[in-house]
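Undergrad: Sharing a structure below in C-alpha coordinates format, with a few things to ask.
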(Lines give C-alpha, C1' and ligand atoms only; values in the text may rest on other atoms or scores of the structure.)
Protein backbone atom coordinates (compact mmCIF):
# COMPACT_ATOMS: atom_id res chain seq x y z
CA UNK A 1 0.00 0.00 0.00
CA UNK A 2 2.86 2.38 0.78
CA UNK A 3 4.09 2.31 -2.82
CA UNK A 4 0.72 3.05 -4.37
CA UNK A 5 0.22 6.45 -5.89
CA UNK A 6 -2.21 8.77 -4.17
CA UNK A 7 -5.21 10.35 -5.88
CA UNK A 8 -7.21 13.11 -4.22
CA UNK A 9 -10.75 13.33 -5.61
CA UNK A 10 -12.58 16.60 -5.02
CA UNK A 11 -16.32 16.50 -5.62
CA UNK A 12 -19.37 18.41 -4.42
CA UNK A 13 -21.34 15.22 -3.70
CA UNK A 14 -20.49 11.64 -2.89
CA UNK A 15 -22.30 8.68 -1.37
CA UNK A 16 -24.40 8.37 0.72
CA UNK A 17 -25.64 11.32 -1.33
CA UNK A 18 -27.70 10.44 -4.40
CA UNK A 19 -29.81 13.46 -5.33
CA UNK A 20 -27.19 14.89 -7.71
CA UNK A 21 -27.53 11.78 -9.89
CA UNK A 22 -24.76 11.14 -12.43
CA UNK A 23 -21.89 13.01 -10.73
CA UNK A 24 -22.23 10.82 -7.63
CA UNK A 25 -22.39 7.65 -9.73
CA UNK A 26 -19.33 8.73 -11.72
CA UNK A 27 -17.30 9.13 -8.53
CA UNK A 28 -18.59 5.91 -7.00
CA UNK A 29 -17.67 3.93 -10.13
CA UNK A 30 -14.25 5.61 -10.24
CA UNK A 31 -13.46 4.68 -6.63
CA UNK A 32 -14.69 1.12 -7.13
CA UNK A 33 -12.47 0.65 -10.19
CA UNK A 34 -9.31 2.29 -8.83
CA UNK A 35 -9.17 1.39 -5.14
CA UNK A 36 -7.13 -1.79 -5.59
CA UNK A 37 -4.29 0.03 -7.37
CA UNK A 38 -4.23 3.48 -5.73
CA UNK A 39 -4.63 5.13 -2.36
CA UNK A 40 -7.76 7.25 -2.77
CA UNK A 41 -8.71 10.31 -0.75
CA UNK A 42 -12.10 11.96 -1.29
CA UNK A 43 -12.99 15.42 -0.03
CA UNK A 44 -16.66 16.23 -0.46
CA UNK A 45 -19.56 18.15 1.03
CA UNK A 46 -21.28 17.06 4.22
CA UNK A 47 -24.70 17.50 2.53
CA UNK A 48 -26.58 15.94 -0.34
CA UNK A 49 -27.60 18.00 -3.37
CA UNK A 50 -30.19 20.60 -2.38
CA UNK A 51 -30.10 19.73 1.34
CA UNK A 52 -29.48 22.21 4.14
CA UNK A 53 -28.77 19.64 6.84
CA UNK A 54 -25.62 17.46 6.94
CA UNK A 55 -25.67 13.69 6.68
CA UNK A 56 -26.67 11.95 9.88
CA UNK A 57 -24.28 9.53 11.61
CA UNK A 58 -21.27 10.67 9.57
CA UNK A 59 -18.30 12.41 11.19
CA UNK A 60 -17.84 15.89 9.73
CA UNK A 61 -14.54 17.71 9.14
CA UNK A 62 -12.35 14.70 9.90
CA UNK A 63 -10.86 11.83 7.94
CA UNK A 64 -12.83 8.58 7.83
CA UNK A 65 -11.10 5.35 6.82
CA UNK A 66 -13.49 3.35 4.64
CA UNK A 67 -10.98 0.58 3.93
CA UNK A 68 -7.22 0.15 3.51
CA UNK A 69 -7.04 2.36 0.43
CA UNK A 70 -10.06 4.70 0.60
CA UNK A 71 -10.32 7.67 2.96
CA UNK A 72 -13.21 10.16 3.09
CA UNK A 73 -13.47 13.72 4.38
CA UNK A 74 -16.97 15.21 4.60
CA UNK A 75 -16.55 18.95 4.97
CA UNK A 76 -18.85 21.71 6.06
CA UNK A 77 -18.42 24.01 3.01
CA UNK A 78 -18.39 27.06 5.29
CA UNK A 79 -15.20 25.74 6.88
CA UNK A 80 -13.55 24.61 3.65
CA UNK A 81 -11.58 27.77 2.94
CA UNK A 82 -8.70 27.79 0.48
CA UNK A 83 -6.34 27.78 3.47
CA UNK A 84 -8.07 24.71 4.94
CA UNK A 85 -7.97 22.96 1.58
CA UNK A 86 -4.26 23.69 1.30
CA UNK A 87 -3.76 22.14 4.75
CA UNK A 88 -5.66 19.00 3.72
CA UNK A 89 -3.75 18.70 0.44
CA UNK A 90 -0.41 19.08 2.20
CA UNK A 91 -1.44 16.40 4.70
CA UNK A 92 -2.22 13.94 1.88
CA UNK A 93 0.60 15.00 -0.45
CA UNK A 94 -1.18 13.44 -3.45
CA UNK A 95 0.40 12.55 -6.76
CA UNK A 96 -2.78 13.58 -8.59
CA UNK A 97 -5.78 15.78 -7.83
CA UNK A 98 -8.92 14.87 -9.77
CA UNK A 99 -11.57 17.59 -10.04
CA UNK A 100 -15.06 16.31 -10.76
CA UNK A 101 -16.61 19.63 -11.75
CA UNK A 102 -15.93 22.86 -13.58
CA UNK A 103 -17.69 25.65 -11.67
CA UNK A 104 -17.64 24.55 -8.02
CA UNK A 105 -16.21 27.20 -5.69
CA UNK A 106 -14.82 24.86 -3.03
CA UNK A 107 -13.96 21.85 -5.16
CA UNK A 108 -12.69 23.47 -8.37
CA UNK A 109 -11.95 27.18 -8.00
CA UNK A 110 -10.09 26.87 -4.68
CA UNK A 111 -7.73 24.07 -5.84
CA UNK A 112 -7.10 25.84 -9.15
CA UNK A 113 -6.21 29.02 -7.27
CA UNK A 114 -3.81 27.07 -5.04
CA UNK A 115 -2.23 25.53 -8.14
CA UNK A 116 -1.90 28.96 -9.72
CA UNK A 117 0.01 30.38 -6.73
CA UNK A 118 2.21 27.25 -6.57
CA UNK A 119 0.73 25.99 -3.30
CA UNK A 120 -0.07 22.62 -4.91
CA UNK A 121 2.59 20.44 -6.53
CA UNK A 122 0.32 17.59 -7.62
CA UNK A 123 -0.75 17.10 -11.22
CA UNK A 124 -4.33 18.33 -11.64
CA UNK A 125 -6.79 16.49 -13.85
CA UNK A 126 -10.16 18.17 -14.38
CA UNK A 127 -13.29 16.59 -15.79
CA UNK A 128 -15.89 19.08 -17.13
CA UNK A 129 -18.66 16.44 -16.83
CA UNK A 130 -20.64 17.81 -19.76
CA UNK A 131 -20.60 21.36 -18.40
CA UNK A 132 -19.13 22.74 -21.64
CA UNK A 133 -21.93 21.33 -23.80
CA UNK A 134 -24.11 23.85 -25.58
CA UNK A 135 -27.15 22.45 -23.76
CA UNK A 136 -25.50 23.14 -20.39
CA UNK A 137 -23.94 26.52 -21.19
CA UNK A 138 -27.29 28.08 -22.13
CA UNK A 139 -28.28 28.14 -18.45
CA UNK A 140 -26.61 30.87 -16.35
CA UNK A 141 -24.49 31.41 -19.45
CA UNK A 142 -23.12 34.83 -18.46
CA UNK A 143 -21.61 33.57 -15.20
CA UNK A 144 -20.23 30.43 -16.80
CA UNK A 145 -18.64 32.24 -19.72
CA UNK A 146 -17.14 34.81 -17.35
CA UNK A 147 -15.58 32.00 -15.32
CA UNK A 148 -14.16 30.39 -18.46
CA UNK A 149 -12.76 33.74 -19.57
CA UNK A 150 -11.12 34.37 -16.19
CA UNK A 151 -9.68 30.87 -16.15
CA UNK A 152 -8.06 31.46 -19.52
CA UNK A 153 -6.78 34.90 -18.53
CA UNK A 154 -5.15 33.40 -15.44
CA UNK A 155 -3.10 31.03 -17.59
CA UNK A 156 -3.93 28.08 -15.31
CA UNK A 157 -5.29 26.01 -18.23
CA UNK A 158 -1.70 25.50 -19.39
CA UNK A 159 -1.10 23.44 -16.25
CA UNK A 160 -4.24 21.29 -16.47
CA UNK A 161 -4.96 17.90 -17.98
CA UNK A 162 -8.58 17.83 -19.13
CA UNK A 163 -10.44 14.53 -19.01
CA UNK A 164 -13.10 14.50 -21.74
CA UNK A 165 -15.53 11.60 -21.85
CA UNK A 166 -16.06 11.63 -25.63
CA UNK A 167 -14.75 13.29 -28.78
CA UNK A 168 -17.40 16.01 -28.69
CA UNK A 169 -16.38 17.02 -25.17
CA UNK A 170 -12.74 17.03 -26.33
CA UNK A 171 -13.74 19.52 -29.04
CA UNK A 172 -15.62 21.60 -26.45
CA UNK A 173 -12.54 21.71 -24.20
CA UNK A 174 -10.33 22.74 -27.11
CA UNK A 175 -12.83 25.44 -28.06
CA UNK A 176 -13.01 27.03 -24.61
CA UNK A 177 -9.52 26.16 -23.32
CA UNK A 178 -7.22 26.20 -26.38
CA UNK A 179 -4.11 26.42 -24.17
CA UNK A 180 -4.92 23.28 -22.16
CA UNK A 181 -1.82 21.27 -21.27
CA UNK A 182 -3.42 18.06 -22.51
CA UNK A 183 -6.84 16.60 -23.36
CA UNK A 184 -7.42 12.91 -22.74
CA UNK A 185 -10.58 11.16 -23.99
CA UNK A 186 -11.82 8.31 -21.78
CA UNK A 187 -15.50 7.31 -21.39
CA UNK A 188 -17.13 7.40 -18.00
CA UNK A 189 -16.87 4.21 -16.01
CA UNK A 190 -20.18 2.34 -16.22
CA UNK A 191 -21.96 0.57 -13.43
CA UNK A 192 -20.88 -3.08 -13.58
CA UNK A 193 -23.16 -4.77 -11.05
CA UNK A 194 -24.45 -8.16 -12.21
CA UNK A 195 -28.15 -8.11 -13.09
CA UNK A 196 -30.60 -10.59 -14.56
CA UNK A 197 -33.06 -9.99 -17.35
CA UNK A 198 -36.62 -9.92 -16.06
CA UNK A 199 -39.81 -10.02 -18.07
CA UNK A 200 -42.54 -7.45 -17.50
CA UNK A 201 -46.10 -7.84 -18.76
CA UNK A 202 -46.71 -5.81 -21.93
CA UNK A 203 -50.02 -5.32 -23.71
CA UNK A 204 -50.73 -3.33 -26.85
CA UNK A 205 -51.65 0.32 -26.32
CA UNK A 206 -50.19 0.44 -22.82
CA UNK A 207 -46.86 1.93 -21.83
CA UNK A 208 -45.20 2.44 -18.47
CA UNK A 209 -42.45 5.06 -18.75
CA UNK A 210 -39.90 6.20 -16.21
CA UNK A 211 -37.90 9.44 -16.06
CA UNK A 212 -34.98 9.33 -13.60
CA UNK A 213 -33.12 12.62 -13.40
CA UNK A 214 -33.09 16.02 -11.75
CA UNK A 215 -36.14 18.09 -12.67
CA UNK A 216 -34.38 20.95 -14.40
CA UNK A 217 -34.57 22.71 -17.79
CA UNK A 218 -31.52 20.82 -19.06
CA UNK A 219 -33.26 17.47 -18.61
CA UNK A 220 -36.16 18.80 -20.72
CA UNK A 221 -39.14 17.25 -18.92
CA UNK A 222 -41.45 20.03 -20.13
CA UNK A 223 -40.78 18.97 -23.72
CA UNK A 224 -41.71 15.38 -22.86
CA UNK A 225 -44.94 16.42 -21.16
CA UNK A 226 -45.98 18.44 -24.18
CA UNK A 227 -45.32 15.38 -26.36
CA UNK A 228 -47.38 12.93 -24.30
CA UNK A 229 -50.17 15.49 -24.23
CA UNK A 230 -50.54 14.84 -27.99
CA UNK A 231 -50.89 11.05 -27.76
CA UNK A 232 -54.08 9.47 -29.11
CA UNK A 233 -56.82 8.58 -26.61
CA UNK A 234 -56.50 4.82 -27.18
CA UNK A 235 -53.01 4.78 -25.60
CA UNK A 236 -52.83 4.41 -21.85
CA UNK A 237 -49.50 5.87 -20.73
CA UNK A 238 -48.10 6.03 -17.22
CA UNK A 239 -45.09 8.26 -16.54
CA UNK A 240 -43.27 8.08 -13.21
CA UNK A 241 -40.80 10.82 -12.36
CA UNK A 242 -37.89 10.22 -9.96
CA UNK A 243 -35.69 13.20 -9.15
CA UNK A 244 -35.31 16.35 -7.12
CA UNK A 245 -36.83 19.63 -8.26
CA UNK A 246 -33.88 21.85 -9.19
CA UNK A 247 -35.83 24.77 -10.62
CA UNK A 248 -39.13 25.64 -8.92
CA UNK A 249 -40.37 27.88 -11.72
CA UNK A 250 -39.65 25.20 -14.31
CA UNK A 251 -41.44 22.57 -12.23
CA UNK A 252 -44.46 24.89 -11.92
CA UNK A 253 -44.66 24.99 -15.73
CA UNK A 254 -44.48 21.18 -15.79
CA UNK A 255 -47.32 20.91 -13.27
CA UNK A 256 -49.50 23.15 -15.43
CA UNK A 257 -49.14 20.66 -18.30
CA UNK A 258 -49.64 17.66 -16.02
CA UNK A 259 -52.93 19.12 -14.79
CA UNK A 260 -54.14 19.48 -18.39
CA UNK A 261 -53.51 15.84 -19.39
CA UNK A 262 -56.39 13.59 -20.43
CA UNK A 263 -57.47 10.64 -18.28
CA UNK A 264 -55.53 8.14 -20.42
CA UNK A 265 -52.28 9.76 -19.31
CA UNK A 266 -51.02 9.42 -15.73
CA UNK A 267 -47.99 11.28 -14.34
CA UNK A 268 -46.72 10.55 -10.84
CA UNK A 269 -43.97 12.58 -9.17
CA UNK A 270 -41.56 10.87 -6.77
CA UNK A 271 -38.49 12.32 -5.10
CA UNK A 272 -35.01 11.06 -5.94
CA UNK A 273 -34.20 7.60 -4.58
CA UNK A 274 -30.91 5.97 -3.53
CA UNK A 275 -29.13 4.25 -6.39
CA UNK A 276 -29.60 0.79 -4.92
CA UNK A 277 -33.39 1.15 -5.44
CA UNK A 278 -33.12 2.18 -9.08
CA UNK A 279 -32.87 -1.34 -10.62
CA UNK A 280 -36.16 -2.44 -9.09
CA UNK A 281 -37.88 0.77 -10.21
CA UNK A 282 -36.60 0.23 -13.75
CA UNK A 283 -37.87 -3.35 -13.74
CA UNK A 284 -41.39 -2.05 -13.12
CA UNK A 285 -41.43 -0.02 -16.35
CA UNK A 286 -41.34 -0.64 -20.10
CA UNK A 287 -39.41 2.38 -21.28
CA UNK A 288 -36.82 4.85 -19.94
CA UNK A 289 -37.31 8.38 -21.31
CA UNK A 290 -34.91 11.34 -21.15
CA UNK A 291 -35.13 14.10 -23.80
CA UNK A 292 -32.06 15.78 -22.33
CA UNK A 293 -30.36 18.82 -23.83
CA UNK A 294 -27.02 17.12 -23.27
CA UNK A 295 -25.22 14.37 -21.34
CA UNK A 296 -21.53 13.51 -21.35
CA UNK A 297 -22.41 9.91 -20.45
CA UNK A 298 -25.85 9.45 -18.92
CA UNK A 299 -25.52 6.93 -16.10
CA UNK A 300 -29.29 6.58 -15.80
CA UNK A 301 -29.47 5.74 -19.51
CA UNK A 302 -26.92 2.95 -19.15
CA UNK A 303 -28.60 1.62 -15.99
CA UNK A 304 -31.86 1.40 -17.92
CA UNK A 305 -30.17 -0.68 -20.63
CA UNK A 306 -28.56 -2.75 -17.88
CA UNK A 307 -32.06 -3.48 -16.56
CA UNK A 308 -33.21 -4.53 -20.03
CA UNK A 309 -35.19 -1.38 -20.75
CA UNK A 310 -35.26 0.25 -24.19
CA UNK A 311 -34.51 3.97 -23.95
CA UNK A 312 -36.10 6.95 -25.67
CA UNK A 313 -33.59 9.78 -25.48
CA UNK A 314 -32.40 12.84 -27.40
CA UNK A 315 -29.49 12.73 -29.81
CA UNK A 316 -27.47 14.89 -27.39
CA UNK A 317 -25.74 11.99 -25.60
CA UNK A 318 -22.99 9.46 -26.49
CA UNK A 319 -25.66 6.76 -26.89
CA UNK A 320 -26.42 6.82 -30.62
CA UNK A 321 -27.70 4.54 -33.39
CA UNK A 322 -29.97 2.81 -30.90
CA UNK A 323 -32.81 2.04 -33.28
CA UNK A 324 -30.66 -0.07 -35.62
CA UNK A 325 -29.62 -2.12 -32.59
CA UNK A 326 -33.30 -2.37 -31.54
CA UNK A 327 -32.53 -1.13 -28.05
CA UNK A 328 -34.11 2.33 -28.19
CA UNK A 329 -34.38 5.63 -30.05
CA UNK A 330 -31.99 8.60 -29.99
CA UNK A 331 -33.90 11.41 -31.65
CA UNK A 332 -33.64 15.09 -32.43
CA UNK A 333 -35.75 17.18 -30.09
CA UNK A 334 -38.78 17.20 -32.33
CA UNK A 335 -42.16 16.56 -30.76
CA UNK A 336 -43.50 14.62 -33.76
CA UNK A 337 -40.51 12.25 -33.73
CA UNK A 338 -40.87 11.61 -29.98
CA UNK A 339 -44.64 11.18 -30.32
CA UNK A 340 -44.24 8.54 -33.05
CA UNK A 341 -41.63 6.74 -30.95
CA UNK A 342 -43.96 6.58 -27.95
CA UNK A 343 -46.74 5.24 -30.17
CA UNK A 344 -44.28 2.66 -31.54
CA UNK A 345 -43.50 1.34 -28.04
CA UNK A 346 -47.11 1.50 -26.90
CA UNK A 347 -48.11 -0.60 -29.91
CA UNK A 348 -45.72 -3.42 -28.98
CA UNK A 349 -47.15 -6.73 -27.82
CA UNK A 350 -45.40 -9.03 -25.38
CA UNK A 351 -43.14 -10.84 -27.85
CA UNK A 352 -42.06 -7.69 -29.68
CA UNK A 353 -41.31 -5.89 -26.43
CA UNK A 354 -39.40 -8.87 -25.00
CA UNK A 355 -37.12 -8.86 -28.06
CA UNK A 356 -36.18 -5.18 -27.62
CA UNK A 357 -35.85 -5.64 -23.87
CA UNK A 358 -33.45 -8.58 -24.26
CA UNK A 359 -31.48 -6.66 -26.88
CA UNK A 360 -31.03 -3.77 -24.44
CA UNK A 361 -29.87 -6.12 -21.69
CA UNK A 362 -27.43 -7.98 -23.94
CA UNK A 363 -26.04 -4.71 -25.30
CA UNK A 364 -25.23 -3.50 -21.77
CA UNK A 365 -23.58 -6.78 -20.85
CA UNK A 366 -21.44 -6.71 -23.98
CA UNK A 367 -20.49 -3.07 -23.33
CA UNK A 368 -19.15 -4.01 -19.90
CA UNK A 369 -17.37 -7.14 -21.14
CA UNK A 370 -15.54 -5.38 -23.96
CA UNK A 371 -14.75 -2.09 -22.21
CA UNK A 372 -11.09 -1.17 -21.70
CA UNK A 373 -12.05 1.98 -19.79
CA UNK A 374 -10.47 0.96 -16.48
CA UNK A 375 -7.17 0.34 -18.24
CA UNK A 376 -7.31 3.82 -19.78
CA UNK A 377 -7.99 5.44 -16.39
CA UNK A 378 -4.97 3.70 -14.92
CA UNK A 379 -2.85 4.96 -17.81
CA UNK A 380 -4.10 8.50 -17.09
CA UNK A 381 -3.01 8.25 -13.47
CA UNK A 382 0.43 6.79 -14.15
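The values are calculated or read from the model by the stated rules, or taken from the named source; none is laboratory data. Remember, predicted model here, so these are calculated numbers, not experimental data. In this analysis, Cβ positions are derived from the backbone assuming ideal geometry, glycine residues included, and neighbour counts consider all displayed protein chains.
Undergrad: Look through segment 257-277, keep the residues that are in contact with a strand residue (DSSP E or B) (Cβ under 7 Å, 6 or more places away or on another chain) and at pLDDT below 95, and return whichever of them is surrounded by the most Cβ atoms within 10 Å (Cβ to Cβ). Even if it seems obvious, please write down each step before you answer.
TA: Residues of segment 257-277 in contact with a strand residue (DSSP E or B) (Cβ under 7 Å, 6 or more places away or on another chain): 258, 261, 264-270, 272-273.
If we keep only those that are at pLDDT below 95 as well, we get 270, 272-273.
Values: 270: 13, 272: 24, 273: 15.
My answer is 272.
Undergrad: Quick one: is residue 366 closer than 30 Å to residue 38 by Cα and buried (at least 17 other Cβ atoms within 10 Å of the Cβ)?
TA: Numbers: closer than 30 Å to residue 38 by Cα: yes; buried (at least 17 other Cβ atoms within 10 Å of the Cβ): no.
Answer is no for this residue.
Undergrad: Which residue is surrounded by the fewest Cβ atoms within 10 Å (Cβ to Cβ), if the candidates are limited to segment 314-351 and must be in contact (Cβ under 8 Å) with a residue 24 or more places away in the chain and over 25 Å from the mean Cα position of the chain (by Cα)?
TA: Ranking the qualifying residues of segment 314-351, first place goes to 349.
Undergrad: Being farther than 19 Å from residue 58 by Cα and crowded, with 24+ Cβ neighbours inside 10 Å is the filter here, so list the residues in segment 1-20 that pass it.
TA: Correct list: 7, 8.
Undergrad: Please work out which residue is surrounded by the most Cβ atoms within 10 Å (Cβ to Cβ), limiting yourself to segment 21-47 and to residues that are in a loop (DSSP other than H, G, I, E, B) and more than 15 Å from the chain's Cα centre (by Cα). Even if it seems obvious, please write down each step before you answer.
TA: As a first pass, look at segment 21-47 and keep what is in a loop (DSSP other than H, G, I, E, B): 21, 35-38, 46-47.
Narrowing the set further to residues that are more than 15 Å from the chain's Cα centre (by Cα) leaves 35-38, 46-47.
On the way: 35: 17, 36: 9, 37: 16, 38: 23, 46: 21, 47: 20.
Across segment 21-47, the extreme among qualifying residues is 38.
Undergrad: Sticking with this one: Being surrounded by fewer than 22 Cβ atoms within 10 Å (Cβ to Cβ) and either without any contact (Cβ under 8 Å) to a residue 12 or more places away in the chain or on the phi < 0 side of the Ramachandran plot (or both) is the filter here; which residues of segment 197-214 pass it? First the steps, then the outcome.
TA: Initially, segment 197-214 is screened for residues surrounded by fewer than 22 Cβ atoms within 10 Å (Cβ to Cβ), giving 197-206, 208, 214.
Scanning segment 197-214 gives 197, 198, 199, 200, 201, 202, 203, 204, 206, 208, 214.
Undergrad: Here are 110, 147, 162: which of them is part of a helix (DSSP H, G or I) and in contact with a helix residue (DSSP H, G or I) (Cβ under 6 Å, 6 or more places away or on another chain)?
TA: Values: 147 fails: in contact with a helix residue (DSSP H, G or I) (Cβ under 6 Å, 6 or more places away or on another chain); 162 fails: part of a helix (DSSP H, G or I).
Only one candidate qualifies: 110.
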